[in-house]
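The next block holds one structure in the form of structure tokens; read it before the comments.
Values in this text are rule-based calculations from the coordinates and carry no lab data. None of these values were measured; they are calculated from a predicted model. Glycine gets a Cβ as well: all are built from the backbone with ideal geometry, and neighbour counts include every protein chain shown.
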Amino acid sequence: MKIDGKPYRTIWLNDDGRTVQIIDQTLLPHEFATVTLGSLEDAAHAIRVMQVRGAPLIGATAAYGLCMALAVDPSDEALEAAAATLLATRPTAVNLRWALDEMVAAVRNLPRGERRAAAYARAAEICDEDVAQCYAIGGYGLELIRAVHGGKGAGEPVNILTHCNAGWLATVDWGTALAPIYRAHDAGIPVHVWVDETRPRNQGAALTAWELGRHGVPHTLIADNVGGHLMQHGKVDLCITGTDRTAANGDVCNKIGTYLKALAASDNDVPFYVALPRSTIDWGIADGVAEIPIEERDAAEVTRLRGRDTAGRVAEFDIAPEGTNAANYAFDVTPARLVTALITERGVCAASREGLLSLYPERADGA
Ligand SMILES: CSC[C@@H](O)[C@@H](O)C(=O)COP(=O)(O)O
């Protein structure tokens, strides 16, 4: 997507052919800056502190982290150690494991001297595939939005609620949940997005509002608990969110609070769509609620807020009494029964094992 007219991805290989550049998402929306990742440790750190975040981008960054490790030491031992370090950075988004498995498979059987080049080639492919898949997700989601628009009065916008940031900043480009919105907007369909602030880290306020604004998509930021009220009053036509891990039964794990939005949507007959590329499906998990690991992060993210004060200084502020006990569950699981459909790069399907297999028949034998 473009920033001030210049096209960007969220991660790209530098001209030296070894290091990569990322957008430091911890600084947005107050500052736009890129950071060079020059080593395995830099990549692991960037994922851990969420300079990069969002399931597909975590996978892409890990892929390049492995490349940089192999550039230093292409041995089997270094490969295994690097994969283990990266896998331990964040537990919930399965794209991380998927990307590492892809990378290891691409180099494992090669002589050491050929591993580095093969790794960088596969990492570049993973990034390009993600862009193509997100664009395709956008195309299928666009048709859903177009259908809603067809039932509305001329010029009336389609009101879409989204949670967290599943836009281009969460992927290599385009996004998952926001790709249909960008494509609808670009196709001239009037859309308006309700943006959940998404406490505790405020990915909605900081990232989704920023990227929608840069693209000129009309949107309104709302506190996290507003969605139910809006749905009761007919102000939401559909919800679209992303997912960090989709179980084989269609359960979806996404940013904390997604489940409550799905419950409100179900109670108000508002369609609730979840957008994802195939790298987000965990075929080994049969029951998402019971089995998907939920990241628990530092309690300080709940007791503190980061923002810009009226004097223009970016700072952190305590919002709770000193010593308050806080819990920080970063994700929750929305059961498949609350999901109207999944939007994938291969089309739209029911959130169920049968639905997923209708689009990914090659997985029917458990492959
Ligand atoms: C296309 S991204 C889907 C999800 O990764 C996104 O909705 C999300 O929950 C991101 O969480 P984050 O903790 O910011 O990595």
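With the Cα gyration tensor of region 306-359 in hand, give its eigenvalues times 5 under a square root as the equivalent ellipsoid semi-axes, listed largest first in whole angstrom.
So the equivalent ellipsoid measures 43, 18, 8 Å along its semi-axes.
Taking R0 as 25 Å, what FRET efficiency do you get between Ser358 and Leu13 from their Cβ-Cβ distance, rounded to the nearest 0.05? Working shown, then result.
Numbers: r = 36 Å, r/R0 = 1.45.
Computed FRET efficiency for Ser358 and Leu13: 0.10.
Name the long-range amide H neighbours of His192: under 5 Å, sequence gap of 5 or more, or other chain; modelled H, no Pro or chain starts.
Val158, Asn159, Ile160
What is the log10 of I(q)/I(0) for region 27-89, computed with the Debye formula using one identical point scatterer on each Cα and no solvent, at q = 0.17, 0.22, 0.29 Å⁻¹?
Calculated log10 I(q)/I(0) at the listed q: -0.55, -0.84, -1.26.
Using only the Cα atoms of region 57-106, what semi-axes does the equivalent ellipsoid have when each is the square root of 5 times a gyration tensor eigenvalue? Give whole Å, largest first.
That gives 17, 10, 9 Å for the three semi-axes.
Restricting to DSSP loop positions (anything but H, G, I, E, B) with no more than 11 other Cβ atoms inside 10 Å of their own Cβ, which trypsin sites (Lys or Arg not before Pro) remain in region 264-350? Don't jump to the answer; show the numbers that get you there.
Working: sites: Arg278, Arg297, Arg304, Arg306, Arg308, Arg313, Arg337, Arg346; in loops: Arg297, Arg313, Arg346.
Here the sparse-neighbourhood loop sites are Arg313.
Identify which of Pro111, Pro321, Pro200 has the largest mean-square fluctuation in a Gaussian network model of the chain, with springs joining Cα atoms closer than 10 Å.
Comparing Pro111, Pro321, Pro200 in the GNM, the peak value goes to Pro321.
Mind ranking 156-165, 171-180, 240-249 by how tightly packed they are, going by the mean number of other C-beta atoms within 10 angstrom, highest first?
Those peptides, ordered most packed to least, come out 171-180, 240-249, 156-165.
On average, how much area does the Cα convex hull of region 2-128 cover when viewed from any direction, in nm²?
Here the figure is 7.4 nm², rounded to one decimal.
For the chain, what D do you get in µm² per second when you plug the Kirkwood radius from alpha-carbon pairs into Stokes-Einstein at 37 °C and 0.692 mPa s?
For these conditions, the coefficient is 158 µm²/s.
Rounded to two decimals, what is the ratio between the C-alpha radius of gyration of region 290-333 and 2.2 N^0.38 Å?
Numbers: Rg = 14.0 Å, N = 44, 2.2 N^0.38 = 9.3 Å.
The value comes to 1.51.
What is the log10 of I(q)/I(0) for region 231-303, computed with the Debye formula using one identical point scatterer on each Cα and no solvent, at q = 0.16, 0.26, 0.27 Å⁻¹?
-0.67, -1.14, -1.18
Quick one: 3J(HN,Hα) in Hz for region 198-207, Karplus 6.51/-1.76/1.60 with θ = phi - 60°, rounded, Gly and Pro as x.
6, 5, x, 8, 6, 4, x, 5, 7, 10
Expressed as a rounded percentage, what relative contact order does region 1-139 have, with Cα pairs under 8 Å and six or more residues apart? Display every interim value, and only then the final one.
On the way: 177 pairs, mean separation 26.8, N = 139.
Dividing the mean separation by the residue count of region 1-139 yields 19 percent.
I'd like the Karplus ³J(HN,Hα) series for region 133-139: coefficients 6.51, -1.76, 1.60, θ = phi - 60°, whole numbers in Hz, and an x wherever there's a Gly or Pro.
With the stated coefficients, region 133-139 comes to 5, 5, 4, 5, 4, x, x Hz.
Run through the DSSP bridge list for the chain and note the antiparallel percent, rounded to the nearest 5.
Given both bridge residues lie in the chain, the antiparallel proportion sits at roughly 55 percent.
Sort all Cα-Cα distances of region 230-367 into consecutive 5 angstrom bins from zero, then give the percent of pairs in each bin up to the one containing the longest distance.
Bins of 5 Å from zero give 2, 10, 17, 16, 14, 12, 12, 8, 5, 3, 1, 0, 0 percent of pairs.
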